[in-house]
Every structure is written in C-alpha cells, then in structure tokens.
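Here's the structure, in structure tokens; my notes come after.
Read the figures in this text as sums done on the coordinates, not as results from a lab. It should be emphasised that the depicted structure is a prediction, and the values quoted were computed from it without experimental measurement. Every residue, glycine among them, receives a Cβ derived from its backbone with ideal geometry; neighbour counts consider all protein chains shown.
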Amino acid sequence: MRGHRNDLLLAAAVLALAAAVWLFFSRPGGDGAWAVVTVDGAEVGRYALDEDRTVTIGETDYNVLEISGGRAAVVEASCADHTCVRTGWISREGETIVCLPHRLMVRIQGASGGPDAVAR
Ligand SMILES: [Zn+2]
C-alpha cells in the first residue's frame, strides 16, 4: 500500500487541473453563450449567461435584464405593454426578447446547439 497517499494527491492534482481547464474553456467562446442587448439596432451590451447578474438598461425608459442559471429574462420594464416581461426566460441560440416601445432587443448568441436548436 506504499504510495497510495501519493496516488490520491496526484489524482487530486489532476482533478484540479481538469477543473481549471474546464473553467477556462467553458468561458464564452466555448460552451458559453451571451445575451446580446441592442437598442435601436445598436449593441449596448453583452452579458455572459454563465454569470448571474441583474442589469438595468436605460434610465427613464428602463428594462431590467436578469441573468440567472444560464438563462436571461426581462423581469421588469417601464414600457406600456410589458410584452418583453411576458416573454419570460430565453437561453437557446437565436431566441429573442423584444421590447417594441423601447426599441430594445435581447438575443441569445453562441449557445451550443441543443435538440431544439437544430430545427431552425
Ligand atoms: Zn417592454
């Protein structure tokens, strides 16, 4: 049983390295997807779906974009129709949330294709 402890240490080191590599490659560009926000067709921001956060876009006319658990949604908005809020959560490549009154659009970009993404 000599060397057993060293094997464990080695295994732990390999696991830690694998985790580090995985974290590195799962950043945007790998599996990472973005929520791209445009207003009037101009990009105003892009947020990685793997980082939970809440962003307020605009001031008087605002949309609150929430990113949580790899999904994005407009959870609050000052627009009249609230279509953007009712759209709910999006997470797949090409899905969009549109706020017509604010000319705002949130689009998912770079998501790895699941079964639903094939039939586009
Ligand atoms: Zn809206």
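Convert 25 °C to kelvin, take the viscosity as 0.890 mPa s, use the Kirkwood radius over C-alpha pairs of segment 34-112 as Rh, and evaluate the Stokes-Einstein diffusion coefficient in µm²/s, rounded to a whole number. Please list the in-between numbers first.
Working: Rh = 12.0 Å.
In µm²/s, the coefficient rounds to 204.
When ranked by the protection proxy of mean other Cβ atoms within 10 Å per residue, highest first, what sequence do the peptides 100-107, 7-14, 71-78, 57-64 form? Write out the running numbers ahead of the final one.
Working: 100-107: 18.2, 7-14: 9.9, 71-78: 20.2, 57-64: 14.9.
Descending mean neighbour count gives 71-78, 100-107, 57-64, 7-14.
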Simple SL model, points at 7 angstrom along Cα→Cβ for Ala12 and Val98; separation in nm is 5.5
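Report the Rg/Rh value for segment 57-103, based on alpha-carbon coordinates and the Kirkwood definition of Rh. Please report the intermediate quantities before stating the final value.
Numbers: Rg = 10.3 Å, Rh = 10.8 Å.
In segment 57-103, Rg relative to Rh is 0.95.
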